[in-house]
Amino acid sequence: MRSLRAVMVAAGLLFLTGEAGAEPTVASGYRLETVSVPGAAFSGMSRDGEDLLVTDLASGRLYRRGPRGKFTAFGPAFPHGVDVIGDPTGPYRVVRAGDVLVVAQGWTPVDSDEGPFDHALVALDGAGKVRVISSDFWNPFDFIVADGIYYVIDSARNTVERVQPDGRKDTIMTFRRMGEEARALRKLSPTEFTEGKSYEVDAVPTGIGLRDARLYIALFGGFPFVAGAGKIVSIPRAGGPSMPRLDIEGLNAPVSIAVDGDGDLLVLEHGTFDQKEGFRNGSGRLLKLDKMTGRQTVILDGLTRPVSVLVWDEQRLVVSDLRGNLHFLARELAR
């Protein structure tokens, strides 16, 4: 059987592996293959039958990757560009919901006028027609679909929104600002952050997952993105007045969550931040957290600006990053 790389080459497509010496490292018991599309900035992923759906922030396009490895663009080119801090914005996520694909579209790019699809949840039908479900967001970074209802993360408002198919929306959680000790912040800027003071940053929710009737939310933490300040919290799916439950802390900018077939949480860390360099190359990781024991295992390390993790099936995972890489992990079967 030919390798994934051989299939891609045979398809006549230009795909390259990561830079020499910069390959991610994978834990024992897993096999890793990386497919790279030069110039792409991959973001959200989902499974649609046997196809992988992925969004590209560099072009504003949706792509379908079939079982043979060929990428095909489809649908319109959504608004895309960079946001106010220079990060790419565009179609963050795409998910199948019945007979339509639902796309979470991000901030209005800084060099563009606001359009009807900006900061919106939109539906794309089989004929390529797009309709807005709701544009009452600031930055809908991630969402899941459960029983026909959309649970949307609005990263800029620091909220979790429950959205009906007809666009009716209610806020089921607003996250408070998080306190950081000056001791941690002084490592970033000794002159700006003085001893004896504490500072607050926005929670910045990013990834969302569902397990046992609870919504699990990654709190990325706002600028200056202090190492170890990220958290995973959970709330009842039904909402209500209860406070978020703290499940995991000490994370480095967690950006995506998934739940595997065993009920274990997969948490993707975007990495550690340097005020001069930005997010450090190779500082992103994929963690697995055992449901029963809480034990954390790093299963993929050395990532640069990863964005999303997808559970493909019981044996396989996929991770995307802003460098146009898709990292395919497979459990190796015991011999």
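Read-outs: derived from the displayed coordinates by stated rules, not from any lab. The structure displayed is predicted, hence computed values, not measured ones. Counting neighbours? That spans all protein chains shown, and the Cβs are built from the backbone with ideal geometry, glycine included.
Using the average count of surrounding beta-carbon atoms within 10 Å as a protection proxy, the listed peptides 164-171, 253-260 rank, highest first, as 253-260, 164-171.
Would you work out if the chain is rounded, prolate or oblate? Take a ≥ b ≥ c from the square roots of the eigenvalues of the alpha-carbon gyration tensor; rounded if a/c is under 1.5, else prolate when a/b is larger than b/c, oblate otherwise. Taking the square roots of the gyration eigenvalues as a ≥ b ≥ c, the chain is rounded. Computed packing ranks the peptides 319-326, 107-114 as 319-326, 107-114, most packed first, by mean other Cβ atoms within 10 Å. For LYS70, neighbours were defined as the other residues whose beta-carbon sits under 12 Å from its Cβ, and their charges (Lys and Arg +1, Asp and Glu -1) total +2. Dividing the helix sum by the residues of the chain, where each DSSP H run of 4 or more adds -39500 (n - 2.57), gives a mean residue ellipticity at 222 nm of -1000 deg cm²/dmol. A straight line joining the Cα centroids of the range 237-256 and the range 101-157 runs 23 Å. Once a ≥ b ≥ c are taken as the square roots of the eigenvalues of the Cα gyration tensor of the range 15-120, is the result rounded (a/c under 1.5), prolate (a/b larger than b/c) or oblate (a/b not larger than b/c)? Here the range 15-120 falls in the oblate category.
With neighbours defined as other Cβ atoms within 10 Å of a residue's Cβ, the residues LYS129, LYS70 order from fewest to most as LYS129, LYS70. Each Lys or Arg adds one and each Asp or Glu subtracts one; over the other residues with Cβ under 11 Å from the Cβ of ALA238, this totals +3. Which of the three applies to the range 50-174, rounded, prolate or oblate, going by the alpha-carbon gyration tensor with a ≥ b ≥ c and a/c under 1.5 meaning rounded? Oblate shape, in that a/c is at least 1.5 and b/c is the bigger or equal ratio.
Want the number for LYS291 to ALA213: 0.36 nm per residue separation, take away the alpha-carbon distance, what's left? Could you put the intermediate results ahead of the total?
Details: separation 78, 0.36 × 78 = 28.08 nm, distance 1.45 nm.
My answer for the length gained is 26.6 nm.
Of the residues ALA77, MET45, ILE217, the one whose Cα sits farthest towards the positive end of the charge dipole of the chain is MET45 (charges of +1 on Lys and Arg Cβ, -1 on Asp and Glu Cβ, taken about the Cα centre).
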